[in-house]
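For reference, the structure is listed below as structure tokens.
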Amino acid sequence: ILIGLFLAVPVVLREIFWFVGPALERWQRRALIPIVFLSYLLFLGGVAFAYFLLLPLGLKFLIGFTPQGIQPMLSIDRFVGFSSVLIFSTGLIFQVPIIMLVLGLFRMVQRSYLVAQRRYAILISFVVAAVITPSVDIMTQSLLAGTLIVLFELGLVLMWMAERFTFSKNTEN
């Protein structure tokens with residue numbers, strides 16, 4: 001099911017774009033095309049990050065957590081459940097910069113407000129990382145929280161670029 005979702009994302013995004021597109025101004029439609037493409041790339045980047053970095057660290061911790069002399073019994077259904085939740089949720093977390101960019105482009109949230117609330121974003125990053133990573137491994141949680149903080153900062157940079165773009169567009173008119 002998850003592989004089907006991964007493969008269906010471009011089609012779903014295209015359908016959403018076709019549905020919302022007529023209600024947008026011309027510059028908004030032009031901005032939305034690279035945003036959709038970047039969103040898909042970030043999702044795939046999040047999936048790769050979880051698969052190649054977070055999942056091995058989490059499994060290493062869980063297997064190393066068993067006492068010596070006891071063989072860990074891994075079942076395929078628990079492994080698939082553990083890995084699919086971690087991979088899919090990390091892919092969704094990588095959408096944070098895109099969500100921030102869209103909110104900034106449509107003037108729903110000001111960048112200055114988010115900069116002022118940065119300390120809460122850091123706290124929320126650690127809470128979300130603790131919820132998403134099913135293990136109590138501090139290394140995996142900190143790695144995911146740090147990534148979330150970097151994604152938040154990337155979102156602030158994208159919002160800054162969007163503000164400059166809309167400011168220059170408004171001065172031309």
(request) Return a yes/no flag: does region 52-66 have any residue that is open to solvent by less than 70 Å² (accessible area, probe 1.4 Å), closer than 25 Å to residue 144 by Cβ, part of a loop (DSSP other than H, G, I, E, B) and modelled with pLDDT under 85. (result) yes
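Could you list, in sequence order, all residues of region 24-49 that are in a loop (DSSP other than H, G, I, E, B) and open to solvent by 40 Å² or more (accessible area, probe 1.4 Å)? Even if it seems obvious, please write down each step before you answer.
Restricting attention to region 24-49, the residues satisfying the condition of being in a loop (DSSP other than H, G, I, E, B) are 24-25.
Within region 24-49, 25 is the sole residue that qualifies.
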(message) Looking for something small (Gly, Ala, Ser), at pLDDT below 85, open to solvent by less than 50 Å² (accessible area, probe 1.4 Å) and in a helix (DSSP H, G or I) - is there at least one such residue anywhere in region 71-79?
(response) no
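Identify all residues within region 22-68 that are among the aromatic types (Phe, Trp, Tyr) and more than 25 Å from residue 104 (Cβ to Cβ); write none if there are none. I'd like the intermediate steps shown before the answer.
Step one: filter region 22-68 for residues among the aromatic types (Phe, Trp, Tyr), giving 27, 37, 40, 43, 49, 51-52, 61, 65.
Passing the criteria: 51, 52, 61, 65.
Among 146, 155, which is under 16 Å from residue 31 (Cβ atoms) and in a helix (DSSP H, G or I)? Spell out the reasoning first.
On the way: 146 fails: under 16 Å from residue 31 (Cβ atoms).
Residue meeting the stated conditions: 155.
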(request) Residues being more than 18 Å from the chain's Cα centre (by Cα), open to solvent by less than 80 Å² (accessible area, probe 1.4 Å) and at pLDDT below 80: count how many of those fall in region 1-23. (result) 1
(request) Go through region 89-115 residue by residue and tally those that are open to solvent by less than 60 Å² (accessible area, probe 1.4 Å) and part of a helix (DSSP H, G or I). (result) 15
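Test residue 37 against the criterion of being within 19 Å of the chain's Cα centre (by Cα) and without any contact (Cβ under 8 Å) to a residue 24 or more places away in the chain, and give yes or no. Steps first, answer last, please.
Values: within 19 Å of the chain's Cα centre (by Cα): yes; without any contact (Cβ under 8 Å) to a residue 24 or more places away in the chain: yes.
So residue 37 fits the description; yes.
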(request) Please specify each residue of region 24-51 satisfying the condition of being more than 18 Å from residue 97 (Cα to Cα) and modelled with pLDDT of 85 or more. (result) 51
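The values are calculated or read from the model by the stated rules, or taken from the named source; none is laboratory data. Note that this is a predicted model, so its numbers are computed, not measured. So basically every Cβ, Gly included, is an ideal-geometry build from the backbone, and we count neighbours across all protein chains shown. Heavy atoms of the whole protein, side chains included, go into the accessibility calculation; ligands, DNA and RNA do not. Shrake-Rupley method; radii C 1.70, N 1.55, O 1.52, S 1.80 Å.
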